[in-house]
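Here's the structure, in structure tokens; my notes come after.
Taken together, the values in this text are just the output of simple stated rules run on the coordinates, not laboratory data. Computed from a prediction, not measured in an experiment: that's the story for all the values here. Positions of Cβ are backbone-derived with ideal geometry, glycine not excepted, and every protein chain shown enters the neighbour counts.
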Amino acid sequence: MIMKKIVLTGGGTAGHVTPNIALIPRLKELGYEIYYIGSYEGIEKKLISDFGIPYYGISTGKFRRYFDPKNFSDPFRVLKGIGQAKKLLKEIRPNIIFSKGGFVSVPVLRAAAGLKIPCIIHESDLTPGLANKLCIPVANKVCCNFPETLKYLPENKAVLTGSPIREELLKGNKESAYKLCGFDGSKPVVMIMGGSQGASAINKVVRDALPRLLEKFNIIHICGQEKMDNLLLTTPGYKQFDYVRGELKDLFAITDLVVSRAGANAICELLALRLPNLLIPLPLAASRGDQLLNAASFETQGYSIVMQEENLDEDSLIDALNDLYQNRDTYIKKMESSSQYNAINSIIKLIEENAMPEA
């Protein structure tokens, strides 16, 4: 029996990897041989290492909208990556490629186009990022999370699927989480998360407000790499992590409210978990504005409270969390009415429909 083969690609941030991870169990059930192409040492390599999937690193470069000396060298890295990806794809001979975006995906999809291998892209944000914009012309289908995104995509390629969510996140163990954090369950739990890189501005305000926050809440603070505060390690009711992997499902199981950046995959997980949330999107000065649009969409749909980073201070954070907790049932009901929970099924169907027949 000849097995179907799929190459997954995407990286740079956890948000460009976790949706791929969410698809892996179903792909294995369907008998796919799964391969991953990422960058040499990106976060994707670390995240994929637990899944027993062959991983291949290639050269990649970043496409910037601003001046940087690397703008002169990175195109050559991309060209090298296209050659490496082409060689790998000729060896693997996949039936299809699924890309979650990020700049590592550009050489992979460009190489696939030259070999006439079908490709499906997933765009998480409300408007397509630059890497996906470069890949959309060679994609068979483009999946998206937000209804507003459809107008930015070719009509014959766009499919509103939502974001694939790791099913394990719905199966956390509360006892394990309470033990890990040292909480006794007597107070509601707020999880603070700033994305895989952390958010220094949010971290500072949370720590400044900590004495007042701990009067009412227990706090789980996912700070980001090298952003933990060693002076607060033994503070009762406050548990810090630099980054969380396997324990995340357990931590979600005891969480009542979340404070988060507005990365698309992160907020789609909060939607699936029905967790009332305060979103503090990455400001325009530090991004292309995608998180601002993502957060505005969730606020409009009644899933979130949104606060701009420039308005964040101790008082505004505490007031927002008190409001969110008091009205949590309203937000939960809105999230329960959402229909975008079948993303894995929708994307797997597209993969099956577009994959080349087994050779």
**Study point:** region 170-246: GluC sites (Glu not before Pro) falling in loop per DSSP and having at most 16 other Cβ within 10 Å
**Key:** 215, 226
Practice item. With Cα extents along the principal axes in Å in mind, check [x] 81, 48, 44; [y] 101, 58, 36; [z] 62, 48, 38 and report the label derived from this structure. Key: [z]
Review point. Can you work out ³J(HN,Hα) from phi for every residue in region 135-150, in order, using Karplus 6.51 cos²θ - 1.76 cosθ + 1.60 and θ = phi - 60°, giving whole Hz and x for Gly and Pro?
Key: 9, 4, x, 9, 8, 7, 9, 10, 8, 8, 9, 10, x, 5, 6, 4
**Study point:** Within region 9-52, GluC sites (Glu not before Pro) in DSSP loop having at most 16 other beta-carbon neighbours inside 10 Å
**Key:** 41
Practice item. Using a 10 Å cut-off on Cβ atoms, rank the peptides 318-325, 228-235, 287-294, 112-119 from the highest mean neighbour count down. Key: 287-294, 112-119, 318-325, 228-235
Review point. Residue by residue through region 185-193, which ³J(HN,Hα) values in whole Hz follow from phi under the Karplus form 6.51 cos²θ - 1.76 cosθ + 1.60 (θ = phi - 60°), with glycine and proline marked x?
Key: x, 7, 10, x, 10, 10, 9, 9, 9
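Do you know the relative contact order of region 79-156, to the nearest whole percent, from alpha carbon pairs under 8 angstrom that are 6+ apart? Numbers along the way, then the final one.
Details: 111 pairs, mean separation 21.3, N = 78.
Taking the mean separation of contacting Cα pairs over the length of region 79-156, I get 27 percent.
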Review point. Ranked from highest to lowest mean number of other Cβ atoms within 10 Å per residue, what is the order of the peptides 5-14, 176-185?
Key: 5-14, 176-185
**Study point:** Note, ³J(HN,Hα) from phi for region 267-273, Karplus 6.51, -1.76, 1.60, rounded to Hz, x at Gly and Pro
**Key:** 6, 5, 5, 5, 5, 5, 8
Review point. Please state the relative contact order of the chain as a whole percent: Cα pairs under 8 Å, 6+ residues apart?
Key: 16 percent
Study note, to complete from the structure: Residue span residue 157 to residue 216: 0.36 nm per residue of separation minus Cα-Cα distance leaves a gain in nm of 16.4 nm
Practice item. Taking just the C-alpha trace of region 292-354, give me its Rg and Dmax in Å. Key: 16.5, 52
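If you take the Cα Rg of region 188-320 and divide it by 2.2 N^0.38 Å, with N the number of residues, what do you get?
Expressed relative to 2.2 N^0.38 Å, the Cα Rg reads 0.97.
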Check your understanding: Are there GluC sites (Glu not before Pro) in region 77-167 that DSSP marks as loop and that have at most 12 other Cβ atoms within 10 Å, and which are they?
Key -> 155
Exercise for review: Search the structure for amide H atoms under 5 Å from the amide H of residue 161, placed 1.01 Å from N in the peptide plane, and list their residues when 5 or more places away or on another chain.
Suggested key: 144
